[in-house]
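Undergrad: The structure that follows is given in the form of structure tokens.
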Amino acid sequence: KETVDTRQFSVSPHIIYSLIKAQAGTLAKGVLECIMNSVDAGAASIDIVLNNRTLTVTDDGQGFKTRAAIEACFEVFGFEHHEGDRSYGQFGIGRAQLWNFCSTVWHTNEFRMDVDIKNRGLDYDLIGNAGPVKGLRIEGTFYEPMSTSDVLACERELKELAAYVHIPVTFNGERISQDPADRKWTHETDDAWISLSNVSSSLTVYNLGVKVKDYSSYHVGCGGLVVTKPGVRLSLNMARNDILMAECKVWKRIRPFLQNKTDEVVKKTSRLTEEQMANMATRFLSGDIAYRDIENRKLIRDVVGGNHTLAEFYDRAWGSFDQVVTYAPKNEAGPAAEESHKQGYCFVLAQKTLQRFSVRTLDEFMRKVEAQLHLDGMDAVATRKKAVPGQPPVVQRLKVDENWKTACSKISDGHTDIPHKDWTKPEQAALSALRISSMSVLRILKHLGLVANET
């Protein structure tokens with residue numbers, strides 16, 4: 001007869017040790033975890049002293065008041081999270097980052113905890129009646145002495161990471177944090193303080209004053225700074241270095257605000273920044289904006305530096321001899337690619353175009369653009385209809401060649417372009433006439449079916 005025994009999974013101590021080692025980042029990240037824990041403990045100020053051999057972090061928070069609190073919150077990794085009970089803490093493992101760099105002694109109220117995972121593993125000493133210490137003081141001794149440059153690097157990184165922690169944080173006697181409420185901002189919402197910049201290439205986001213990440217400004221079309229207000233916490237990954245954008249309710253309120261402010265600026269300017277162009281291009285491919293919103297924007301860059309709207313791009317590509325589109329990577333494009341584009345043998349895109357639209361291949365670019373044009377009812381921009389007597393018109397699409405060397409093979413790599421200014425007037429007139437007449441004749445022959453498109 002079957003028996004049912006409901007049991008619960010547990011975690012081996014070896015997994016905990018591996019987790020501690022795996023989450024180690026920089027020393028500054030480990031100290032930052034101490035800062036966040038101090039804020040969660042109600043500290044009004046935090047003092048950090050660092051030299052080549054030792055580290056001390058002191059706060060005036062509540063610390064661990066009882067042995068039971070130490071056993072439940074210091075000794076155990078992970079905790080049951082309740083909304084609002086901590087500003088930063090989510091997983092209950094951050095304090096261990098520091099243990100990868102140094103042995104530590106934790107003084108709190110009447111207790112002392114000695115931790116040395118390098119030499120003792122997960123065993124630690126808990127000493128009672130150790131003498132009163134208000135709040136918490138962490139004393140660390142590095143396993144390997146730090147160089148002076150490493151100390152300075154830690155200071156620089158920590159200044160950036162903790163720049164907007166609202167309580168005073170001092171590092172070797174210098175305050176490194178500022179209350180964001182005391183700074184001037186370009187915008188303010190219920191969720192965040194915001195400073196927007198059209199010249200910055202990144203958007204730096206701080207969660208409750210602690211840096212999360214520098215995001216490329218093309219995400220919202222502008223750069224700047226975002227700092228969430230007290231009590232407004234972003235949903236972050238375990239490493240706290242990225243926003244869980246699909247589930248973060250706060251970011252879903254902040255991002256549309258940023259995008260709207262960018263759009264207000266874009267509507268008033270004819271010359272867009274690279275970040276604004278990339279923002280518009282990616283939003284078009286994702287369906288967030290329609291063709292009419294970008295039809296006058298020159299988002300297409302060709303290999304010789306020309307900029308085109310989508311309609312201009314298709315019109316010129318259809319007018320090329322072979323009706324072929326290719327692209328040449330920046331580090332590979334040479335005279336053959338540039339001259340093939342100039343002479344109208346094919347339309348050669350610059351790699352910048354693919355980067356703006358956040359696509360990896362030319363085929364992906366063409367498919368996604370045509371799909372969005374179709375959804376917007378603008379198929380005529382991208383296609384041509386070939387009329388055959390007695391048959392319904394057949395929709396044609398441009399040919400795509402991912403290999404620019406084959407698409408541009410009519411001109412050799414050794415081709416040398418003679419600058420236009422060096423041509424004589426008769427040469428200019430003759431070459432111009434030949435180019436116009438040859439293109440016109442070829443189009444007529446193709447239309448009559450006397451010459452194949454591949455010719």
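The values are calculated or read from the model by the stated rules, or taken from the named source; none is laboratory data. None of these values were measured; they are calculated from a predicted model. Don't worry about glycine lacking a Cβ; one is built from the backbone with ideal geometry, like all the others, and counts go over all protein chains shown. Areas reflect the complete protein model, heavy atoms only, side chains present, ligands, DNA and RNA absent. Shrake-Rupley method; radii C 1.70, N 1.55, O 1.52, S 1.80 Å.
Undergrad: List the pairs from Lys352/Lys410; Lys211/Lys252; Lys159/Lys229; Lys29/Lys261 whose alpha-carbon separation is above 22 Å, in the order I gave them.
TA: Where the Cα-Cα span goes over 22 Å, the pairs concerned are Lys352/Lys410; Lys29/Lys261.
Undergrad: Accessible area per residue of the chain at 1.4 Å probe, in Å²?
TA: Each residue of the chain exposes 54 Å² on average to a 1.4 Å probe.
Undergrad: Let me see the pair-distance distribution of the range 93-203: every alpha carbon pair, 5 Å bin width, integer percents in order.
TA: 2, 9, 12, 15, 17, 14, 12, 8, 6, 4, 1, 0
Undergrad: Another question about this same structure. Order Phe321, Phe9 by their accessible area, 1.4 angstrom probe, all chains in place, largest first.
TA: My answer, sorted largest first, is Phe9, Phe321.
Undergrad: Right, next: Describe numerically, in nm with one decimal, the distance between label points set 7 Å from Cα along Cα→Cβ at Thr309 and at Thr54.
TA: 7.1 nm
Undergrad: For the range 183-342, just run the numbers: alpha carbon Rg, then divide by 2.2 N^0.38 Å, N being how many residues it has.
TA: This ratio for the range 183-342 stands at 1.28.
Undergrad: With a 1.4 Å probe and every protein chain kept in, tell me what percent of the accessible surface of the range 161-203 is carbon plus sulfur.
TA: Of the solvent-accessible surface of the range 161-203, carbon and sulfur hold 44 percent.
Undergrad: May I ask you to rank Met238, Met280 by accessible area, largest first, using a 1.4 Å probe over the protein chains only?
TA: Ranked from most to least accessible, the order is Met238, Met280.
Undergrad: How do 217-223, 49-55 rank on mean C-beta neighbours within 10 Å, highest first?
TA: Those peptides, ordered most packed to least, come out 217-223, 49-55.
Undergrad: Now, a different point. Quick one: length gained pulling Tyr143 to Ser12 fully straight, 0.36 nm per residue minus the C-alpha distance?
TA: 44.6 nm
Undergrad: Residues in the range 358-388, backbone N under 13 Å from the label point at Arg292 (7 Å along the Cα-to-beta-carbon vector): list them, ranges by number please.
TA: 376-378
Undergrad: A further question follows. Can you give the FRET efficiency to the nearest 0.05 for Ala429 and Arg156, using r as the Cβ-Cβ distance and R₀ = 60 Å?
TA: 0.40
Undergrad: Another question, then. With a 1.4 Å probe and every protein chain left in place, tell me how much accessible area Trp404 has, in Å² to the nearest 10.
TA: 10 Å²
Undergrad: Using a 1.4 Å probe on the protein heavy atoms, what percent of the accessible area of the range 281-330 belongs to carbon and sulfur?
TA: Ligands and nucleic acids excluded, carbon and sulfur give 39 percent.
Undergrad: Students sometimes get this wrong: rank Lys352, Lys267 by accessible area, probe 1.4 Å, all chains present, largest first.
TA: Descending order: Lys267, Lys352.
Undergrad: A follow-up question, please. Want the number for Ala68 to Val441: 0.36 nm per residue separation, take away the alpha-carbon distance, what's left?
TA: 125.1 nm
Undergrad: Run the numbers for Lys330 and Tyr124: contour at 0.36 nm per residue of separation, minus the present Cα-Cα distance, in nm.
TA: Stretched out fully, the Lys330 to Tyr124 stretch lengthens by 68.4 nm.
Undergrad: Only one of the values (1) 1.06; (2) 1.40; (3) 1.78 was calculated from this structure for Cα Rg over 2.2 N^0.38 Å; name its label.
TA: The value matching this structure is (2).
Undergrad: Expressed as a whole percentage, what fraction of the accessible surface of the range 332-371 belongs to carbon and sulfur atoms when a 1.4 Å probe is rolled over the protein heavy atoms?
TA: 42 percent
Undergrad: Something else: Helix by helix, which DSSP H runs in the chain go 15 Å or more along their axis at the Cα atoms and have an average Kyte-Doolittle hydropathy of 0.0 or more?
TA: Going by DSSP H runs, the hits are 27-40, 425-447.
Undergrad: Follow-up question, since we're still on this one. Just to confirm my numbers, what's the Cα centroid distance between the range 129-158 and the range 198-216 in Å?
TA: One Cα centre to the other: 27 Å.
Undergrad: If each DSSP helix of 4+ residues adds -39,500 (n - 2.57) and the sum is divided by the residues in the chain, what number results at 222 nm, nearest 500 deg cm²/dmol?
TA: Rounded to the nearest 500, it is -9500 deg cm²/dmol.
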